[in-house]
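Taking it in order: structure first as structure tokens, then the write-up.
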Amino acid sequence: MMLHPEIESLDRDGMRALQARKLAALGERLAASPDWCEHFAKAGMHPRDLAAADGLAHAPTMEKADLRARYPFPMLTVEASKVVRFFATSGTTGLPVLFGFTRNDLRQLSIQVARQLYCSGVRPGDRVYQGFGYGLWIGGPAHELALQELGTTCFPVGPGRSELVVQWVRELAWDVAAVSPLFLANLLRVAREHGIDPRKDWKVRMAIIGGQAVSRAFRDELEAGMPAGFTARNSYGTTESGGPNLGAACPYAHRRDEMHLINEDAVITELLDPQSLKPAGPGEVGEVVVTTLDKEASPVVRWRTHDLVRMAEKPYDCECGRRGMPTIGRIIGRSDDVLKVRGVLVFPSQIEDVVAGTPGTVKDAWQIYVDTVDGSPKSMTVAIECDAGHAARSSDLAGIVARSLSSRLGLKVPVECHPYGTLPRYEAKARRVLPKEQS
Ligand SMILES: [Zn+2]
């Protein structure tokens, strides 16, 4: 089932040819911008070199530092007066970076995210709770535009107002929730506190979850608390790629815990080794690096997201009929979050898998505290919470998690178990790694 079969069923060669035509046009547009010419000159190139077969593979990468140097409207390729809307990155480190959207960029965004939602199983006529955040953050506005484009009935509540939402899911008979997984877990808790049993009282059949990576165990637990047949579909995107427009799970990809790169005709996604920048092969982990082909106002070329994913063993020719839109695994962490402790590489997602898979822990409340000496972590402590209704002693629970971590990581890690409700909770992207003095 495809919203745009003429594009979505292209095979890999057809997709490559379409991308090559758009890359050449992008090079022409960027050539008119002195900032972009200067950026390409760092690699001894000119934007028009994007028309060459190996042009993109040799183009310089970009990250926040490149844009911060050109504050406040970095590498804008249209007059600022043509921008109808700015969005911004979360700004967890330093000033937020602003990304402009022209009227046409917003139109393209609504079409891209509509395709993504349709691939995940959202249909015209569905009643949809839109729970992603608004304001400068792109998640909420992009989903709202796309839900309208698709012909659903949208309830744009945004995050928060949990007590109202848990009633409305029941009384307005919502079919779909677009929401961060941590907020959905919070809604389940609030519903039960108010005497609502989501498994019986709600009819929501699907959640589009995004904004952060969650382990399969966490997703399984969410699904177990919801009505029979409910599925939580992963989605993925970033402000820099133009919105929540990259990853979508068709039914087959969902079963493999994978996502299609669903807008490959508009955003090229490379998976590159974070150190060598060599492309990852099938089954290998790489950093997501994106190039926007159609964006008018704030295009990016080889933007380093620092998100790490594994390319599928068999990335092409999915059973759903999408042939040239490869599949990737869920986001497994950030290249700047990977910890090297006593010579062992530790991904926060590995810790999450263990915490989520241990009965008695609170799945959305855990932290890694690191002791850093001269910029490199010397030791780490994992903090978990004991669920309020769990019978085991907290010291026993800490011991169980510590033993699982030791066998999973090959590293002995101290585990502290805290009372229920004492560790930080996050509505959107969680900060799992914190310096020790904050513990
Ligand atoms: Zn598929």
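Every number in this text was worked out from the coordinates using simple rules, so none of it is lab data. As the structure is a prediction and not an experimental result, all values here were calculated from the model. Positions of Cβ are generated from backbone atoms using ideal geometry, with glycine treated the same way; all protein chains shown enter the neighbour counts.
Tabulated results
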| read-out | value |
| --- | --- |
| Peptides ranked, highest mean first, by Cβ atoms within 10 Å: ranges 141-147, 355-361 | 141-147, 355-361 |
| Share antiparallel - DSSP beta bridges, the chain, percent rounded to 5 | 65 percent |
| Least to most buried among Cys37, Cys417, Cys119 (fewest other Cβ within 10 Å first) | Cys37, Cys417, Cys119 |
| Residue-by-residue Karplus 3J(HN,Hα) for region 141-147, coefficients 6.51, -1.76, 1.60, Hz, glycine and proline x | x, 5, 5, 4, 4, 5, 5 |
| Estimated 222 nm signal from helices in the chain, with DSSP H stretches of n ≥ 4 weighted -39500 (n - 2.57), rounded to 500 | -9000 deg cm²/dmol |
| Convex hull per residue volume in Å³, alpha carbons only, for region 38-139 | 165 Å³ |
| Region 226-235 - phi-based ³J(HN,Hα) in whole Hz, Karplus 6.51/-1.76/1.60, Gly and Pro as x | 10, x, 4, x, 5, 10, 9, 9, 5, 9 |
| Hits among lysines - C-alpha to C-alpha of Lys82 under 16 Å, sequence gap 8 or more where chains match | Lys295 |
| Gyration tensor (alpha-carbon) shape descriptor, region 367-439, a/c threshold 1.5 | oblate |
| Alpha carbon Rg of region 58-195, scaled by the compact-globule rule 2.2 N^0.38 Å | 1.24 |
| Karplus 3J(HN,Hα) series, Hz, for region 171-184 with 6.51 cos²θ - 1.76 cosθ + 1.60 (x for Gly, Pro) | 6, 8, 6, 5, 8, 9, 10, 9, 6, 6, x, 5, 6, 5 |
| Entries in Lys378/Lys436; Lys64/Lys340; Lys340/Lys412; Lys278/Lys378 that, when Cα-Cα distance is taken, lie over 18 Å | Lys64/Lys340; Lys278/Lys378 |
| Compactness of the chain, expressed as Rg and Dmax over alpha-carbon positions, Å | 22.0, 67 |
| Listed peptides 364-374, 38-48, 242-252, 182-192 by packing density, highest first (mean Cβ within 10 Å) | 242-252, 182-192, 364-374, 38-48 |
| Relative contact order for the chain, counting Cα pairs under 8 Å that sit 6 or more residues apart, in percent | 13 percent |
| Helix 394-409 vs. the chain, principal-axis angle (Cα, 0 to 90°, nearest 10) | 40 degrees |
